[in-house]
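Student: Structure in structure tokens, see below.
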Amino acid sequence: MGNLGIIFKRELMSYFATPLAYIFIVIFLISNGIFTFDLGGFYLRGQADLLPFFSFHPWLYLFMVPAIAMTLWADERKTGTIELLMTLPVRLADAVVGKFLAAWALTGIALALTFPIWITVNYLGDPDNGVIIAAYLGSWLMAGGFLAIGSCMSACTKNSVIAFILTVSICFVFVIMGSPILLDAFPDWMPQVIVDAFSAMGFLTHFDSISKGVLDIRDMLFFAVFIGAWLTASAVVIEMKKAN
Amino acid sequence: MIEIPNLSKRFDQFTAVDDLSFTVKEGEVLGFLGPNGAGKSTTMKVITGFLAPSSGKVTIDGFDITESPIEAKSLTGYLPEGAPSYGDMTTLDFLNFIAEVRGYRGEEAAKRVAHVINEVALTSVAHQTIDTLSKGFKRRVGLAQAIMHDPKVLILDEPTDGLDPNQKHHVRELIKNLAKDKIVVISTHILEEVSAVCTRAIIIANGKIVADGTPAELEAQSRLHNAVTIKLTKAYDLRNDLAGVDGIGEVSQDPEDELFYTIFSRQAKSIFNEVSEVARAKQWPIDEFHLNRGQLEDLFRTVTTQAGAR
């Protein structure tokens, strides 16, 4: 196991050493239940699919994911452990990716624990399980996108509350980028290319197609590049600001 | 060997470390002294690779800390100021993590962890969360972490800060007992510590070296070196008797206790005989008579305030 794995393990263990992981998972599951059954009208729709479940995920992640991302680097700087970590024979990239993967694994665990709803829908009807698996994957990728933004924002400040607010704001922008609310606001004279480019950056655009079961390599690539870019930015910010 | 040629570190307008040059050889225990804000911690942060130097470089056994950071960091153990550690982990978990990062696996890792726990006496708190430990124990966890891989170079930023006298003694013994081929750099502002553990001391002020030598050499540079202090049994003015005696500099009376006199030597030469002859001839009412070897504290004040005034 390389240093990346060691850091991943330590971070994941520390989520479960405090109530944070349990609270996150419980709240995530409860909110999912409320959204799906109450607001989503899971039963009323009379369709054996998980669309009402997944369609709320961007909005759920908008507040839940920044809550785990906010401490990623802000706490390291506040408590001074960043000095310890950065003077161990560990590459910065290993630290950034290891921490990110640990947080991503936590969202993955929370997401996986929603499996009863998948059992329910299979019990009630005959859903397309391929679509559901694709949607789970898409949802997890989107959580990774949120987390990568959170990692970078957390690196920007010692104050985790500021990191939370910044992350929520930026994530919100990326969520609504592809939505009609924003696209309609563009004036007519704006070249279509720009409008398209703008909407292509939106999370909803990519998540919607994945959650409908369309596993397009371009959507996957979007999230991969998006995560990579924000993690690179995190590393740059840490390098610049670690001493302050 | 640590080689530091012309190291500078600037933050925006502020120069924390100003063209510092020194080398530390195997077997040396270097005490790094200076007033708060003199650049001690900054220098240590650059040596350990936490901060990048603005100019100049640091090499540890030939490995440049910016060009081969992993190799250089592998050779170094570091206790940062305040001994930060992951508070939500237990002592044992934290040390296991450090052992793994330092490249130990399985049984070897367990052996190293057991060894350092024993070395700094952490057995009683091995299963306690670090957040719940007292300041002294936290400091020892930091020390345990730093010596995990039996490092060739050990950099300790204020290792005894916040410890009680017994713990201080213990840490000093630990530093002294490290193998003789190691390099230890400790920063402190407890000057007795320097005389107790260091083979060499560097005093820095405003990012520059203002004194460098063995503790004995530095003491000899102090104004108090070879000065004679006298305590009288009753009030008596020594000054007239000493006027014109060879080699004698200033004679000062303690403003708080008129029975206390300090007679400074002019050229740092011994004035013991001169003073005792006069004392006998004039029959001074002497209670105590001391010859000073000099004080680091006195030199420290002299060199750091001079540098500050400049």
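What follows is calculated from the coordinates using simple rules that are stated; it is not laboratory data. Owing to the predicted nature of the structure, the values given are computational and were not obtained by experimental measurement. We place every Cβ from the backbone using ideal geometry, glycine too, and count neighbours over all the protein chains shown.
Student: Evaluate the protein assembly as shown: find the radius of gyration of its Cα atoms, find its Kirkwood radius, and give the ratio Rg to Rh. Display every interim value, and only then the final one.
Tutor: Details: Rg = 32.4 Å, Rh = 27.9 Å.
Using Cα coordinates only, the ratio equals 1.16.
Student: What angle, in degrees between 0 and 90 and rounded to the nearest 10, separates the Cα long axis of helix B:91-101 from the longest principal axis of the Cα atoms of chain B?
Tutor: Between helix and principal axis, roughly 70 degrees.
Student: Cβ neighbours within 10 Å, averaged per peptide: list B:214-221, A:78-85 in order, most packed at the top.
Tutor: Working: B:214-221: 17.5, A:78-85: 19.8.
Put in order of decreasing packing, that is A:78-85, B:214-221.
Student: Per residue of region B:3-19, what does 6.51 cos²θ - 1.76 cosθ + 1.60 with θ = phi - 60° give for ³J(HN,Hα)? Whole Hz please, x for Gly and Pro, Karplus curve as stated.
Tutor: Going residue by residue, I get 10, 10, x, 6, 7, 10, 9, 10, 10, 6, 8, 8, 9, 7, 10, 10, 6 Hz, with x marking Gly and Pro.
Student: I would also like to ask the following. Roughly how many nanometres apart are two label points built 7 Å out from the Cα toward the Cβ at B:K176 and A:V225?
Tutor: With each label placed 7 Å out from Cα toward Cβ, I get 6.5 nm.
Student: Hey, another quick one. Give a residue-ordered list of calculated ³J(HN,Hα) values for region A:16-24 (Karplus: 6.51 cos²θ - 1.76 cosθ + 1.60, θ = phi - 60°; whole Hz; x for Gly, Pro).
Tutor: Each residue of region A:16-24 in turn: 8, 6, 10, x, 3, 4, 5, 4, 4 Hz.
Student: Hey, what's the per residue convex hull volume over the C-alpha atoms of region A:94-205, in cubic angstrom?
Tutor: Working: hull volume 18.0 nm³, N = 112.
Hull volume normalised by residue count: 161 Å³.
Student: Is the C-alpha gyration tensor of region B:1-128 telling us rounded, prolate or oblate? Criteria: a/c under 1.5 is rounded; beyond that, a/b larger than b/c is prolate, otherwise oblate. Intermediate values should be presented prior to the final figure.
Tutor: Working: a/c = 2.25, a/b = 1.82, b/c = 1.23.
Prolate, since a/c reaches 1.5 and a/b exceeds b/c.
Student: Okay, next question. In nm, to one decimal, how far is the A:L113 label point from the B:Q221 one, both placed 7 Å along Cα→Cβ?
Tutor: Going by the 7 Å Cα→Cβ label model, 6.3 nm.
Student: Set the Förster distance to 22 Å, then compute FRET efficiency between A:N159 and A:I23 from the Cβ-Cβ distance, nearest 0.05.
Tutor: Working: r = 21 Å, r/R0 = 0.94.
The value I calculate is 0.60.
Student: Under 5 Å between amide hydrogens, which residues at least 5 positions from B:E28 or on another chain qualify, with H placed 1.01 Å from N in the peptide plane?
Tutor: B:V184
Student: B:D18 to A:S31: FRET efficiency via 1/(1 + (r/R0)^6), r the Cβ-Cβ distance, R0 51 Å, to the nearest 0.05?
Tutor: Working: r = 56 Å, r/R0 = 1.10.
It comes to 0.35.
Student: Take peptide B:78-88, look around each residue's Cβ out to 10 angstrom, count Cβ atoms belonging to other protein chains, and average those counts. Could the numbers behind the result be given before it?
Tutor: Numbers: counts 4, 2, 7, 2, 3, 2, 9, 4, 11, 5, 7.
Partner-chain Cβ atoms within 10 Å, mean over residues of B:78-88: 5.
Student: Moving on to the next point. Express in nm, to one decimal, how much length is gained between A:M240 and A:F172 on full extension, taking 0.36 nm for each residue of separation and deducting their alpha carbon distance. Kindly include the intermediate steps, with their values, before the conclusion.
Tutor: Working: separation 68, 0.36 × 68 = 24.48 nm, distance 2.62 nm.
Taking 0.36 nm per residue and subtracting the Cα distance, the gain is 21.9 nm.
Student: To continue, here is another question. Which three semi-axes in whole Å describe the equivalent ellipsoid of region A:79-137, each the square root of 5 times a Cα gyration tensor eigenvalue, listed largest first? Can you show the working numbers first?
Tutor: Numbers: eigenvalues 324, 26, 6 Å².
So the equivalent ellipsoid measures 40, 11, 5 Å along its semi-axes.
Student: Right, something else. For chain B, what is the calculated [θ] at 222 nm in deg cm²/dmol (nearest 500), taking -39500 (n - 2.57) for each run of four or more DSSP H residues and dividing by its residue count?
Tutor: Working: 11 runs with 108 residues, N = 310.
That comes out to -10000 deg cm²/dmol.
Student: Taking the Cα centre of chain A as origin, work out the dipole magnitude from +1 charges on Lys and Arg Cβ and -1 charges on Asp and Glu Cβ, in debye rounded to 20.
Tutor: On the way: 12 positive and 16 negative charges, 176 e Å.
The calculated dipole for chain A is roughly 840 debye.
Student: Now for a different question. Out of every Cα-Cα pair in region A:3-241, what percent are more than 30 Å apart? The partial results should precede the final answer.
Tutor: Details: 8270 of 28441 pairs.
Within region A:3-241, distances greater than 30 Å cover 29 percent of Cα pairs.
Student: Another question, then. Mind listing P(r) for region B:226-292? All alpha-carbon pairs, 10 Å bins, whole percents.
Tutor: Histogram of Cα-Cα distances, whole percents per bin: 22, 62, 15.
Student: Then there's this: Express as a percent, rounded to the nearest 5, the fraction of DSSP beta bridges in chain B (both residues included) that run antiparallel. Intermediate values should be presented prior to the final figure.
Tutor: On the way: 31 of 48 bridges.
So the antiparallel bridges amount to about 65 percent of the total.
Student: Please work out the FRET efficiency for the pair B:S54 and B:A235, using the Cβ-Cβ distance as r and a Förster radius of 56 Å; give the result to the nearest 0.05. Display every interim value, and only then the final one.
Tutor: Working: r = 58 Å, r/R0 = 1.04.
After rounding, the FRET efficiency stands at 0.45.
Student: What are the semi-axes of the equivalent ellipsoid of chain B, taken as the square roots of 5 times the eigenvalues of the Cα gyration tensor, listed largest first and rounded to whole Å?
Tutor: For chain B, the semi-axes come out at 45, 23, 16 Å.
Student: Under a crude label model (7 Å from the Cα following the beta-carbon direction), how far is B:T123 from A:V193 in nanometres?
Tutor: Going by the 7 Å Cα→Cβ label model, 7.5 nm.
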